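Every number here is computed from the coordinates shown, using simple stated rules; none is lab data. Everything numeric in this text was worked out from a predicted model, so none of it was measured. Every residue, glycine among them, receives a Cβ derived from its backbone with ideal geometry; neighbour counts consider all protein chains shown.
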Amino acid sequence: MDNRTYHLTTFGCQMNEHDSERIRGVLEAGGWLEAPDEESARLLVFNTCSVRESAESRLIGRLGEARRLKGEDPGRIVALGGCFAQSRQEAILDELRFLDVAFGPRNIGELPELVEAAAKSGRQASSFVDEPGSVASLPSARRGSHHAWVQVMTGCTNYCSYCIVPYVRGEERSREAQEILAEVERLVDEGVVEVTLLGQNVNAYGLDRSGPGSADFAGLLEMLDAVKGLRRIRFTTSHPRDLGQDLVEAMRDLESVCEHLHLPAQSGSTRILERMNRGYTAAHYLGLVSRFYDKVPGASLTTDLIVGFPAEKEDDFFATLSLVEQCRFDSAFTFIYSPREGTAAAEMPGQVPDVTRKRRMGELVALVQRIALEKNESMAGSEVEVLVEGRSRQGGGQFRGRTRSNKIVNFAPAGPGEPTAGDFVQVRVASVTSTTMKGVQAPAHPGPARD
């Protein structure tokens, strides 16, 4: 095939971003080069999400543009992958006749062959599997030099009533601890100083494995903490039902494990949590948060919250507001419930009117932002360690980075020299908003020795 150029568009979560690194990896291993825009690419790839309605809405708009480009150049190949494609499987090619290729998140390795087959035959090609398999051995093309995502497990077995993930990514399966350790050691040798461990429920890591060399998640963190040169370890996402004190103590005791926990609550109403099939009560969640703050003082806590779940009443919503007040989250991903075809919640009675859902969302967002601002204001005047990510989008010669607690900091550099991505700098916080901090780089002083 001539003009082996591709353009990749990614929707959804960090897991999808990591899958896109593998999509780039397998394509570039096959001789494909990334194009700067869709118009100049022979192959258009969309890595999709079906968890949230907003991601599907954005996808539909982008597919309209792909259809136009395909019409202008019939030789252009359009490929659709990820969770949205998996949720529709073979039907997706009938629904979107301009597509050439469709593949699931566990079929990334087959993408080059599918593209070649479609190009040669002029017929649509697809591949989906139902059994979970490992994609960790696929080549990966990362765009950052200092940070890397590391997938520690695939799938989910919680079957929350609103969630499509178990149906499109399969059941939980943990990677071998030694395999993960070897990957992290290789990444550090390549210059990575921070990794984010990924799983739909990292707390369940290792529960499906036994025998020599097996480890639970806290044990895995301890193994990775010993890797020389690795300065920061993050992880997402945790499930409250499986969060044990061993993990909290690992966050307290292990030097490289960052003091930030993302713990989705989804609702503050036990009645709604039962309908969601979350497996815990509001009281249990509050107890976890209390023990977390006690064990890891100064840590940040973030969450996911859903409003307008079927049959959610005002008392249920007020319970969510109360939970937010008590937990004092540093930030929250807030969502208006949207039915996902194939999930139990989509068939539940008591769908909440749109006007009510939007009003509740506005109240929830206002509360979350107020608390986040108050927590950030307490850090004004302090000095924080920032891992530099690059230049700030705010301009003005500023740079951007994150604290160990996952706070975004925009800062002016000190002196004539400029920091580079992957540097650790100290920043004096001068002002804050509910989502970011702003400051000036402080004079350098020695940090913890990790190598």
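For the range 224-263, the pair-distance distribution built from all alpha carbon pairs, in bins 5 Å wide starting at 0, is 6, 23, 32, 24, 11, 4, 1 percent. For the range 373-422, pairs of C-alpha atoms spaced more than 17 angstrom apart make up 36 percent of the total. In angstrom, the C-alpha Rg and Dmax of the range 39-162 are 15.4, 45. With the cut-off at 1.5 for a/c, could you classify the range 163-222 from its C-alpha gyration tensor as rounded, prolate or oblate? Judged from the Cα gyration tensor, the range 163-222 comes out oblate (a/c at least 1.5, b/c at or above a/b).
Peptides 258-265, 244-251, 110-117 ranked from most to least packed, by the mean per-residue count of other Cβ atoms within 10 Å: 258-265, 110-117, 244-251. Cβ crowding within 10 Å, taken as a proxy for footprinting-reagent exposure, orders His146, His284 from fewest neighbours to most as His284, His146. The ranking of Ser434, Ser210 from fewest to most other beta carbons within 10 Å of each one's beta carbon is Ser210, Ser434.
Counting only cysteine Cβ atoms and a cutoff under 4.7 Å, the chain contains unmatched residues Cys13, Cys49, Cys83, Cys156, Cys258, Cys327. For the chain, dividing the convex hull volume of the Cα atoms by the residue count gives 157 Å³ per residue.
Sorted on the mean count of surrounding Cβ atoms within 10 Å across their residues, most packed first, peptides 81-90, 188-197, 119-128 read 81-90, 188-197, 119-128. Cross-link partners for Lys407 among the lysines, with Cα-Cα distance under 27 Å and sequence neighbours closer than 8 places in the same chain left out: Lys228, Lys295, Lys375, Lys438.
All Cα-Cα distances of the range 327-451, cut into 10 Å bins from zero to the largest, leave 12, 32, 23, 16, 12, 4, 0 percent in each bin in turn.
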